[in-house]
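Enquirer: Okay, handing you the structure first.
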Amino acid sequence: MELAVWVIILPLLTAFSLGISKLYFKKIFFKLVIGSAILYLYLLILVITTSYPPKVYSIGQWGLLGINLMVDPLSALFLLIIALLFLPFIIFSMKYTKCIKHDYFIFSYLMVAGISGMVLTTDLFNLYVFMEVSSLSSCALSLYKKTDRGIEGTFKYLIMSTFGSFFILLATILTYYLTGTLNMAEISLAFEDTPFTIKSTIMAFFVFGYAIKIGLLPMHAWLPDAYEDSPIPYNVLSSGLVMKSAVYALIRGLYIMFGIDFLDESGLLTIVVFWGVITFITAHCLAFQQSNLNRLLAYSTIAQIAYIMIGLFVGTEAGLIAGSFHILNHAIMKGTLFFVVGIFNYSLAAVEIEDIKGLGYKFPILSFTFVVGSLAIVGLPPFNGFMSKWLIVEAALEAGFTYAAFFILVGTFLSLTYYLKVIVTLYTKNEKPLLIEEAGLSLKLPTIFLGSLCIVFGIVPSLPLHLITKIPTFLLDNGDYIRILIGG
Amino acid sequence: MSRLNERFTKLYKIGLVITFAYFLLVLFYDIHNLGTDRKRYLSEHYISQGVQETGATNLVASVLYDYRAFDTLGEATMILTAATVLAFLVPITKATMFGTPFKSIVNQTVKLIIPYIAVLGAYLILFGHISPGGGFVGGVVLSIIAILLTLTYSVEFSEYIFKPDQKKFIEDIGAIGFVLLGLLGIFTGSNFLSNGQANFGTGNAGEVFSAGLMPFINLMIGLKVSAGLAIIFNSLIKEK
């Protein structure tokens, strides 16, 4: 458990050292980036394997007076996503970012440090601080190309993200004012004798703040704009990790601090499920109209995160398992799709759906990977997306949300239409001679790795489910979590 | 019609703000009146035991650099990120600046003031744990030197005295130093960022070399904040 803190320190230290290396030791810069990423992968695997039963790491040995870190199965799931995505992301970006790359990797390491901090901490204010670190560096990455559209989209992202942070900070302040502590377990105990109205108001602030970062319906408009002209490998990490880390913070906060009984009693479960249904129907309809591949995938991300929210908020054990599984699967599937689009963009500067016409014959393996990724995200049987979507439908039916289950099936057909549109374009014969800049192995390898994971997790879902089935133990009944955290 | 519409939007916005403010007022009022026996053991512990446990007579410093030093690490990282973003956004090529020529009175006065500012900043940083001040405040004061040079002379002159690369280097050294000081705790067999627990000697409260690692952490934060703010200011003023 001593290793848990290194998960945060290592990327931070790497980012700072990269800053010095950029100025004076340019030769070792890329060796440092790759070496640190490999070391980080090894570290993450060590931490994930020792994640059960959870243990507490007290920073500065202050116990309840200071800040504690804790790795429980839900955190371990996010560390697993970092482990799966980060090294492919680094390898892909090495080749993809053609011009100045130094700052790019500094920001990536800062972003990962922020996300791992969010995932490990048990302190409410520390969560906020690391969230700011990750969203600020995420903004920096999304404007990395410095084009007009990129800057406009990032400006929207920055404003909305700050707005969300404002509400989260407000809720944090109110919580501290009310309970006199920032430790989540102690807050949970102190909340037991708090009046209903005040508790639900604080909860509303939390939900509203995080809903902006997650991109639920009226607050989703920043996401496609931010993705439109950003470096495409960044989109992989953003849709796989940055958005999910907000989901993590919301789930952790609500289930631990407020408890499932209060969520049920205040009607939040019903509200969020309804909200999710509206969000994904709208996002699917909007995605159908897009001609830009990045925007299409961005709307698809909004829809998939709405599925995740439905899974996580039906309030049963099956729902939590299904939602968490979909978090992992969506990170892999969307990563595959964005990587393929990134290669098309690298080789032919393709951004519109029209531009990729006929590429199915020029890039047979990559196009096949794209087809695998898109069929997985639609939810067709042999792939991983089917598994988690099926589990979500089952959990929704079991918890009595029949309309949600029905609309998920409707949404599946909607998503099939627009992904089919892309696939058909991909395999339409095109006579135009194409200008092809060969994509190297370092671009193809991460893509094919993630694409094959889509199939592996579809055929052997017990592999990740081994970890995921332990998640509800510490969320549905927050007593265990509190006991471990307070007991030291 | 459009004028009426404009006025209506303005009223609508003002109404929204007032409603939100009123709502918050009611909420704070409610929370405040909840009861007198609310648990305040955390802040009480900091106040009553803070000096003995950390060896720092400045309670703010003891919370910032000892009890919750991990938050400070995150905040310092945020300043570094902001400085890096701004330095990255503003192109290296020269942009036009406002070159208001000042009379020699201003220039001479600034020259005269700068040593005093440097002393004040160094004092605030080094005595941060025993008197009001600390790394953040002292860093801001130190960065004023670069800002004054930029404002009275020019960006070129300011960057001739303090090269951008050097500032970036100092900032990174500060950040790395903070993390390494935290790692000292792990290497001595305790936890990350531990101070008194790892027997770094909290010393006699009130002396300069007391409170274990706190003066050194203050120094690192001071270096980092001063360089970071100087970078941020120069980048912002270079903007066209």
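Enquirer: Within region A:149-187, restricting attention to residues that are over 22 Å from the mean Cα position of the chain (by Cα), surrounded by fewer than 19 Cβ atoms within 10 Å (Cβ to Cβ) and touching a residue at least 24 places away in the same chain (Cβ under 8 Å), which residue is farthest from the other protein chains (Cβ to nearest Cβ)?
Expert: Within region A:149-187, the match that is farthest from the other protein chains (Cβ to nearest Cβ) is A:R149.
Enquirer: Within region A:60-92, restricting attention to residues that are more than 17 Å from the chain's Cα centre (by Cα) and open to solvent by 10 Å² or more (accessible area, probe 1.4 Å), which residue is nearest to B:S190 (Cα to Cα)?
Expert: A:Q61
Enquirer: In the list B:G74, B:G50, which residue meets the criterion of being at pLDDT 85 or above, part of a helix (DSSP H, G or I) and open to solvent by less than 40 Å² (accessible area, probe 1.4 Å)?
Expert: Answer to the selection: B:G74.
Enquirer: Restricting to region A:384-403, name every residue that is touching a Phe, Trp or Tyr at 6+ places or on another chain (Cβ under 8 Å) and not β-branched (V, I, T).
Expert: A:N384, A:M387, A:S388, A:K389, A:L391
Enquirer: Kindly indicate whether B:L112 is under 19 Å from B:M220 (Cβ atoms) and surrounded by fewer than 17 Cβ atoms within 10 Å (Cβ to Cβ).
Expert: The answer is no for B:L112.
Enquirer: Determine which member of the set A:L80, A:L110 is facing chain B (nearest Cβ under 9 Å) and assigned to a helix (DSSP H, G or I).
Expert: Selected residue: A:L110, the only one of A:L80, A:L110 that is facing chain B (nearest Cβ under 9 Å) and assigned to a helix (DSSP H, G or I).
Here's the yes/no breakdown for (1) more than 24 Å from the chain's Cα centre (by Cα); (2) surrounded by 12 or more Cβ atoms within 10 Å (Cβ to Cβ):
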site	(1), (2)
A:K421	yes, yes
A:N430	yes, yes
A:E437	yes, no
A:P446	no, yes
A:S452	no, yes
A:P461	no, yes
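Enquirer: Let me ask something additional. Would you point out which residue out of A:L237, A:L223, A:L141 is within 14 Å of chain B (Cβ to nearest Cβ) and in contact with a helix residue (DSSP H, G or I) (Cβ under 8 Å, 6 or more places away or on another chain)?
Expert: A:L141
Enquirer: Take the conditions in a helix (DSSP H, G or I) and out of contact with any Ser or Thr (no Cβ under 9 Å at 6 or more places or on another chain) and apply them to A:V341. Does it pass?
Expert: yes
Enquirer: Of all residues in region B:177-223, which are within 10 Å of chain A (Cβ to nearest Cβ) and open to solvent by 30 Å² or more (accessible area, probe 1.4 Å)?
Expert: B:L180, B:I186, B:Q197 - these are the residues of region B:177-223 that are within 10 Å of chain A (Cβ to nearest Cβ) and open to solvent by 30 Å² or more (accessible area, probe 1.4 Å).
Enquirer: Can you tell which of A:L158, A:L174, A:L136, A:L141 is closer than 25 Å to B:Y67 by Cα and out of contact with any Lys or Arg (no Cβ under 6 Å at 6 or more places or on another chain)?
Expert: On inspection, the qualifying residue turns out to be A:L174.
Enquirer: Next question. Would you say A:S21 is touching a His at 6+ places or on another chain (Cβ under 9 Å) and either within 11 Å of chain B (Cβ to nearest Cβ) or closer than 30 Å to B:I170 by Cβ (or both)?
Expert: yes
Enquirer: Mind listing just one residue for me: the one in region B:147-175 that is of a type in the set (A, V, I, L, M, F, W, C) and buried (at least 22 other Cβ atoms within 10 Å of the Cβ) and, of those, nearest to the other protein chains (Cβ to nearest Cβ)?
Expert: B:A175
The values are calculated or read from the model by the stated rules, or taken from the named source; none is laboratory data. In this text the structure is predicted, and so the values were computed from the model without any measurement. For neighbour counting, all protein chains shown are included, and Cβ atoms are generated from backbone atoms with ideal geometry for every residue, glycine included. Only protein heavy atoms, including side chains, enter the accessible area calculation; ligands, DNA and RNA are left aside. Shrake-Rupley method; radii C 1.70, N 1.55, O 1.52, S 1.80 Å.
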